[in-house]
Every structure is written in structure tokens, then in C-alpha cells.
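Everything below concerns the one structure shown next.
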Amino acid sequence: MNEQEINARLAALVEAVKQSEISRRFEAAEAELAKDPKLEEEVDHFRRKRFELSMSDEDRLIAEQNKLQDDYRNIFMKIPAAKEFLESEMDYCRLVRRIKEEFHDECKIDISFLNDSRS
């Protein structure tokens, strides 16, 4: 298979993801959330904090992540637009992660050097 054929198949995969029920659900939830700019800002603040915490490896931050989830769960899970957005975003991220992991596993890309603590 040549590079042009690979690019065509990659484009087909991207299109399949974009046309998936998961993607359409996420886009609809995003559009619904955008109708309430104040709520959208609050959800984005939560997402930003969740992302920042997830990028840290420190054990103490696990408690902070759990607290953040608990604090916002009580707020957002009672608001249908926020709940649907956060749930559909999580499903969409899982789909993308599954594709990445499948690619990584099947193509046997060795990234063990990243775990080298000698530096």
C-alpha cells in the first residue's frame, strides 16, 4: 500500500468518526451548551481544571481531582445541557483514545525510552 492509499484510508477513518453517532451526539450537546454562555463558561472552567489536574502525576492531586469531580458533579449533573455535554465529550474522547491505542498497539511503536528516568 502506498502513501496515497494510506492517506485515503486515513481520510475515510476521520470521516467515519465525524459521522459517528458519538460525534453527532457530542456536536449536538456542544451546540445546546453554547445557547447558555454563562453555563458554557462554568463547564469550560471545570474542564480546564480537570485537564490541568489530569496532567499531573502527583499522588496528592488524586484527592484534588476527586474533590473537583464531586463538587461539580452536584452542580452539573442537575443541569441537562451540562450533563449531556460532559457525558458526550467523555464518550468522544474514549473513541479517539481507542483509535490511538489500537494504532499504537498494532503498529508496535516503541516509546519505552520515554520512561527512562536516567535523565
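From the list GLU40, GLU15, the one residue that fits, being under 19 Å from GLU84 (Cα atoms) and among the charged types (D, E, K, R), is GLU40.
When MET1 is tested against the conditions (1) part of a loop (DSSP other than H, G, I, E, B); (2) surrounded by 14 or more Cβ atoms within 10 Å (Cβ to Cβ), the lone failure is (2).
So, in the range 53-100, how many residues would count as being at pLDDT 90 or above and either assigned to a helix (DSSP H, G or I) or surrounded by fewer than 15 Cβ atoms within 10 Å (Cβ to Cβ) (or both)? Final tally of qualifying residues: 21. Applying the set (1) at pLDDT below 95; (2) of a type outside the set (Gly, Ala, Ser); (3) out of contact with any Lys or Arg (no Cβ under 6 Å at 6 or more places or on another chain) to GLU27 leaves exactly one unmet item: (1). Are there any pairs with C-beta distances below 8 angstrom linking a residue in the range 60-80 that is in contact (Cβ under 8 Å) with a residue 40 or more places away in the chain and of a type in the set (Asp, Glu) to a residue that is surrounded by 13 or more Cβ atoms within 10 Å (Cβ to Cβ) and part of a loop (DSSP other than H, G, I, E, B), with the two at least 6 apart or on different chains, and if so which? The qualifying pairs do not exist here. Criterion applied to VAL14, VAL43 was being aliphatic (A, V, I, L, M) and over 24 Å from LYS100 (Cβ atoms), and the one residue passing it is VAL43.
The values are calculated or read from the model by the stated rules, or taken from the named source; none is laboratory data. This structure is a prediction, so every number in the text was calculated from the model and none was measured. No Cβ is skipped: glycine too gets one built from the backbone with ideal geometry, and neighbour counts run over all protein chains shown.
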